[in-house]
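Peer 1: Quick one: structure below, then a few questions.
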Ligand code: HEC
């Protein structure tokens, strides 16, 4: 019967555990912003994936710019690239939900429609990714004051 002694097992496991620890370390070393999550439970967005951002830009232009302005700067609807989301609360998960189900509460407006029936999950995610990439670009370009900077 094949038997592995404790010592051998230890030798086999040590490098594997080391690799896991290293991977965790690398993951934690990433600055929070690079993950494009607003808190540890929030969903991540591939804001550095240009293909996704471009798909989002295209879908945004087709479906959203009419009300939210070019580049999401706001119009009939609020600014979507200013880093402020009073209707949703500023997390990717909540904003995704707003886009999918709309703003149904009439006392809060009720003009923003539900796009979950006419856009795929992938398209909504792409639009949201585009919004966040654009928000980041605008902050870095000094177009808007950094809403995340602590006073
Ligand atoms: C018919 C105009 C219209 C269109 C088209 C539209 N919106 Fe809106 N949207 C609004 C208005 C107006 C509000 C403010 C809430 C309200 O009055 O219902 C809003 C609110 C929102 C919010 C909430 C902002 C916050 O504070 O969280 C998000 C997110 C949003 N829209 C995203 C989108 C996206 C993405 C699209 C395209 C897929 C889109 N909207 C298309 C009019 C529109």
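Coordinate-derived values only; no laboratory data. Not measured: the values here are computed from a predicted model. In this analysis, Cβ positions are derived from the backbone assuming ideal geometry, glycine residues included, and neighbour counts consider all displayed protein chains.
Peer 1: Against the condition near the ligand (Cβ under 10 Å from one of its atoms), out of contact with any strand residue (DSSP E or B) (no Cβ under 8 Å at 6 or more places or on another chain) and assigned to a loop (DSSP other than H, G, I, E, B), how does residue 75 come out, does it pass? Don't jump to the end; show me each part of the working.
Peer 2: Details: near the ligand (Cβ under 10 Å from one of its atoms): yes; out of contact with any strand residue (DSSP E or B) (no Cβ under 8 Å at 6 or more places or on another chain): yes; assigned to a loop (DSSP other than H, G, I, E, B): yes.
In short, yes.
Peer 1: Only residues that are closer than 18 Å to residue 39 by Cβ and touching a residue at least 24 places away in the same chain (Cβ under 8 Å): list them for region 88-124, please. It would help to see each step written out before you state the result.
Peer 2: Looking only at region 88-124, we keep the residues that are closer than 18 Å to residue 39 by Cβ, and these are 88-98.
Once the filter is applied, which keeps residues that are closer than 18 Å to residue 39 by Cβ and touching a residue at least 24 places away in the same chain (Cβ under 8 Å), region 88-124 yields 90, 91, 92, 93, 95, 96.
Peer 1: Further question on the same structure: Out of 56, 116, 142, report the one residue that is in a loop (DSSP other than H, G, I, E, B) and within 12 Å of the ligand (Cβ to nearest atom).
Peer 2: Only one candidate qualifies: 116.
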